[in-house]
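All remarks here apply to the structure that follows.
Please treat every number below as a calculation from the coordinates, not as lab data. Everything quoted here is computed from the prediction, not taken from an experiment. With ideal geometry, Cβ positions are generated from the backbone for all residues, glycine too; neighbour counts draw on all protein chains shown.
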Amino acid sequence: MSGPTPTDSSIVPTSSLQLLPITNISNSVSVKLNEDNYLVWKHQISSVFESLDLIKFVNGSSQQPPEASTEFTVWNKLNKYVEICINATLSHSIAHVAVGTKTAFELWKKLQFLFAQQISANRIQLQTKLHQIKQ
């Protein structure tokens, strides 16, 4: 990526934004999110977003500017790009979760909430197995 990208809420003309094609993002994430691989998927897609300086759209540090502002156009374009990247890496069985979300951050939080219970249950199961092995 050779073009400039915004590092905060700075104004960047949309014509100067150069984003990777979505297919490149999909190829960079070796798994599609399903019921069993959230932590692996999250690690991979977070790495992609960090490398593109877009992690702020999923960690909540990029706040939506007012719609009437000049920053909104750039923010909205980048937010939609991140949203599309996430959707492109969801399996068919998980894709319905994205319906109704309005921002990449909202989608990210919804996925975190959905899989938090699974992660907790897996942790308890592993602790139980470890305890059984020690006996």
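Give me the net charge for the shell around residue 102: Cβ to Cβ below 12 angstrom, other residues only, Lys and Arg +1, Asp and Glu -1.
Numbers: positive: 80, 109, 110; negative: 83, 106.
Charge balance in the 12 Å sphere: +1.
Between amide H atoms placed 1.01 Å from N, distances below 5 Å from residue 90 occur with 33, all of them 5 or more places distant or on a separate chain. Restriction of the trypsin sites (Lys or Arg not before Pro) in the range 22-105 to DSSP coil positions whose beta-carbon has at most 16 other beta-carbons within 10 angstrom yields 32, 102.
When the C-alpha to C-alpha distance is required to be over 24 Å, the pairs from 32/134; 42/134; 80/110 that qualify are 32/134; 42/134.
Distance between the pseudo-spin-label points of residue 37 and residue 87 (7 Å out from Cα toward the beta carbon): 2.1 nm. Taking every alpha-carbon pair within the range 19-134, the share separated by more than 24 Å comes to 32 percent. Across the range 29-37, rounded Karplus estimates of 3J(HN,Hα) from the backbone phi angles (6.51 cos²θ - 1.76 cosθ + 1.60, θ = phi - 60°) give 10, 6, 10, 8, 4, 9, 5, 10, 10 Hz, Gly and Pro being marked x.
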